[in-house]
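Have a look at the structure below before the remarks.
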Amino acid sequence: MEEIIKSVVLGICSGGIYALLAVSYVVIYKSTRVFPFSQAAVLIIGAYLMWFCLMVWHLPIWVGFLITCAGGAILGMVVERAFMRPLVGQPILAPIVVTLCLMLLLRGIGILMGQGNIQGFGESFLPLGAWKMGFLHVPQIQVYGFILCAALIIALMLFYAKTGAGLGMRVVHEDHVVAQNLGINVKRIFQYSWVISCVIAVVAGMLLGNIQGVGLGLDANGLIAIAAVLFGGLESFTGAIIAGLAIGILQMLTILFIAPLLPGETTMMAPFVFLLLILFIKPYGLFGLVRIERL
Amino acid sequence: MNINRPCGTFDRNYFQAKELYRTPLRKTLLTLFIVGMYALPLLTGDYGISILTLICAFTIGMLGLQIITGYCGQISIGHAAFMGIGMYTVGILQRHFGISFWVCLPLAGLVPMFIGMVFGLPALRMKGLYLAFATLAAHFVIVYVISNWRSVTNGTDGMWMKRPEVLLGIDFKNDRNYYFLVLTITIIMTYLATNLARTKLGRSFVAVRDNDIAAEVMGINIAYTKVMAFGIGCFFAGIAGALGGAYYEYVNVEWFGLDDSIWYLGFLVVGGFGSIFGAIAGATVWKVMDEFSTLVTPITESFLGGAAFYASAAFSLIFYSLIIIVFLVFEPRGIAHRWEMIKRSYRLHPFPY
C-alpha cells in the first residue's frame, strides 16, 4: 500500500509536466482545429536554448528563462505565419502532414544545435534533494517543477478569463465564422495560440531537460502527452490537466507493477496502450465534445 | 467519365468503356515504359539497380498508403511499422520454421493485413484525426514488441533473411535478377491497385473519403469499407517490407522509425493524393532524395570535419521536411496534379482551355 501511495504522489509530481504539455496541445487544437504534433519537438528546441543560455553563454537563470521564452514565442509566430496560415481551409490531412513534418524539421534543428549529444545543465537550476514525510520521499526538483507548471496553467486560465484577447480566443474556440462576424481577427488569434502554446512547450522542455538531460529523446514526453490529450478530450483544458496527472500516475504504477514483468521501456509503452484502450472504449475522452454532423 | 482523353475518342461498347488505357498512344507509351523499366539495368550499374529495387519496393508500400489515405481518407502514421511487420514475418518464418520465401511472401502480406485491421478498428467509430492517434500508438506498440520479444525477433540486433530460392533456373542472389522479380511484383501490385479503384469496393472508398455520412446514406457499409481499406493498405505495406528486407537480406527494427512513417505520408503528398501515378511519383522522389542526401554527406563532411555524423542526419531531416512543407503550401495536390495539367495543356495546345 505504501508503495502505491508513493507511486501516486510521484506520479502527480511528474504528471504536472504532462498536464502542461497537454494544455499546450489543447490551446492550438481548440482555436485552429489543427492538432500540433510539432509541439513534441518544440520541447527539444526549448531545452537546447536553455542549455545554450546557461552552459555556453553563462547567463543567469532568469535571463536564460526569459530568452528561452522569447525564443519559443518567435518560433510559434514564425511557424504560424510561414507554414500554417497558407493551409487554412485546406482538407484536414494537409495541416496534419505539415505539423508532423515540422516535428522532424525541429528535431533536425535540435540535432544541429546540440551536435547530436545528450547534454546536461551541469547544475540543476531547481533545488535538488528530497523532502521526507513519513515514508514518502518527494524530490524537490519534481515539486518545484510541478509548482511552476501549475502557475503557468493558472496564468493561462486567468488570461482566458480576464483579458480581452482571452475573450476573443474563447469566441474563436466556439466558432470561426461567428468570431469573424463579431469583428475578431481570427488570424491574429491563431497566432496568439501558437505563441502561447510554443512558450508553454518551451518551458516544459526546460523542466524536462533539467530532469532527464537535454537530448533528442525529450520528444518522447511530448508524444506521451498526446495520450493525455486524448484521454482528457481534445477540446478540454480541465480534461487535459486531469489526464496529464493520470498519465503521470499511470507511468509510476507501470514502473511498480508491469516493469518487473516485461522487458524494455514499459513506461514509454503504457501510455500508448492506454491511448489505444481509450480509442476503443471512450474515443472522445473524458470531457471531449461529441460532434454531431449533418449533411 | 474520363475527361483526360483526346477528343473524338468515344466508347462504343462496354469492353471499350472498361479498358484501362483507351488510346493506342497511351498503350504504346505504357508498353515502352514497362519494357524500359526491364531494360534499365543494362544501362545502370549495380548502384542504379539498388536504387531501382528500392524504388519498386517502396512504390508498393506507397500504393498501400494511397489506398488507406488517398482513396479512403483514413490517416495512417504507422505505415512503416506495418512494412516492418511484413519484413519480420518473412524473417521469423525463415529463421524458426525454414519456410521457403515463396510461401512467406503472401503470408508477409496477410499478417500485417490482419494486424492492421485490428488497429484500424477505432476507425469504425470516428474519423480523420483519431485514426492518426490510433496508428501512432500502433507504431509504438509494434516497435516495442519487435524490439523486446527477443526469443522470436532477436530484439534490436535484427536478423538475417534469405532471398528467394532458385526458381525456373533464375538465381535471385544476383541483384539484377532480384530487381526483375521485384519489378514484376510491383507491376502486378500496381495493376491490382489500379483496378481496385474501379471496383465497387474502391468506389466506396472514395465515397467514404468524400463524406462518410453521405456514403452511409447511399447504403455503403462504412465499417466494412474502412477496415477493408486498412487491411488492403497494410497488405501492400507487408509485401513491400518483405521485398525490401529480402533485398538487404537483413531486417532491423531501426529501419521503420516514426520518421519513415511520416516520410511515407509526406511523400504521398508530394506525389499526389488519390492517384496511382501519385504513389509512384512519391516513392520515386523519396528514394532519389535518399540517394541525393547520401551523395551530399561527403561534401558536408569536408565542410564540417568530424562533425558530419550528426550533420548528415540533421540535413536529411531538415531537407525532406522542408520539401514536403513547401509542396503542401504551394502545390497541395502534388506532382500528379501538375502532370495532369501539363498533359491537358499539351492536348489543348493552342487554346488555354
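Since every read-out is calculated from the coordinates, none of them should be taken as a lab result. Not measured: the values here are computed from a predicted model. With ideal geometry, Cβ positions are generated from the backbone for all residues, glycine too; neighbour counts draw on all protein chains shown.
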Inset, instruction - Go ahead and run the numbers for FRET between A:Arg85 and B:Ile342, Cβ-Cβ distance against an R0 of 22 Å, rounding to 0.05. - result: 0.15
Legend entry - Total charge dipole magnitude, the range A:56-203, about the Cα centre, Cβ charges on Lys, Arg, Asp, Glu only, Debye to nearest 20: 140
Inset, instruction - Work out the FRET efficiency for B:Phe351 and B:Lys27 from their Cβ-Cβ distance, taking R0 = 25 Å, and round it to the nearest 0.05. - result: 0.40
Inset, instruction - Evaluate the charge dipole of the range B:46-347 about its Cα centre and quote only its size in Debye, nearest 20, assuming +1 on the Cβ of each Lys and Arg and -1 on the Cβ of each Asp and Glu. - result: 920
Inset, instruction - Could you list the residues of the range A:221-252 with an amide nitrogen less than 20 Å from a label point located 7 Å from the Cα of A:Gln212 in the Cα-to-C-beta direction? - result: A:221-232, A:240-252
Legend entry - Sequence-distant residues sharing a close amide H with B:Leu167 (under 5 Å, placed H): B:Phe172
Legend entry - Cα centroid separation - the range B:309-337 against the range B:232-253, whole Å: 24
Legend entry - Positive dipole terminus of the protein assembly as shown, leading residue within A:Phe159, B:Thr294, B:Tyr47 (C-beta point charges): A:Phe159
Legend entry - In Hz, Karplus ³J(HN,Hα) per residue of the range A:36-43 (6.51, -1.76, 1.60; θ = phi - 60°; x = Gly, Pro): x, 4, 5, 4, 4, 8, 4, 3
Inset, instruction - Quick one: order B:Val206, B:Val269, A:Val177 by neighbouring beta-carbon count within 10 Å, fewest to most. - result: A:Val177, B:Val206, B:Val269
Legend entry - Label-point gap, in nm, between B:Arg203 and A:Ala130 - each point 7 angstrom along Cα→Cβ: 6.8
Legend entry - Residue-wise HN-Hα coupling along the range A:240-250, computed from phi with Karplus coefficients 6.51, -1.76, 1.60 (Hz; x: Gly, Pro): 4, 5, 4, 5, x, 5, 5, 5, x, 4, 4
Inset, instruction - Within chain A, what's the longest run with no chymotrypsin sites (Phe, Trp or Tyr not before Pro) in a DSSP loop and at most 14 other beta-carbon atoms within 10 Å? Give the range, please. - result: A:136-295
Inset, instruction - Could you pull out every whole DSSP H run in chain B that spans at least 18 Å of Cα extent along its own axis and averages -0.5 or higher on the Kyte-Doolittle scale? - result: B:24-43, B:46-65, B:79-92, B:101-119, B:129-148, B:175-196, B:222-248, B:258-271, B:276-304, B:308-330
Inset, instruction - Quick one: which residues, 5+ away or cross-chain, put their amide H under 5 Å from the amide H of A:Ala130? H built at 1.01 Å from N. - result: A:Gln140
Legend entry - Calculated FRET efficiency for the pair A:Ile74/A:Glu293, C-beta based, R₀ 60 Å, to 0.05: 0.95
Inset, instruction - Can you check what the Kirkwood hydrodynamic radius comes to for the protein assembly as shown, Cα pairs only, in Å to one decimal? - result: 26.3
Inset, instruction - Work out the charge dipole of the range A:19-176 with +1 on the Cβ of Lys and Arg and -1 on the Cβ of Asp and Glu about the Cα centre, then indicate which of A:Phe35, A:Ala150, A:Gly134 is farthest towards its positive end. - result: A:Phe35
Legend entry - Farthest toward positive dipole pole in the range B:46-347 [+1 Lys/Arg, -1 Asp/Glu at C-beta], among B:Gly73, B:Asn221, B:Gly158: B:Asn221
Legend entry - Check: the protein assembly as shown dipole with +1 on Lys, Arg Cβ and -1 on Asp, Glu Cβ, in debye: 1880
Legend entry - Tail beyond 24 Å, pair distance distribution of the range B:62-164 (Cα, percent): 27
Inset, instruction - Note down the net charge around B:Gly61, summing +1 for each Lys or Arg and -1 for each Asp or Glu among other residues with Cβ under 15 Å from its Cβ. - result: -2
Inset, instruction - Using amide H atoms built 1.01 Å from N in the peptide plane, name the residues 5+ places from B:Tyr250, or on other chains, whose amide H lies under 5 Å from its own. - result: B:Met161
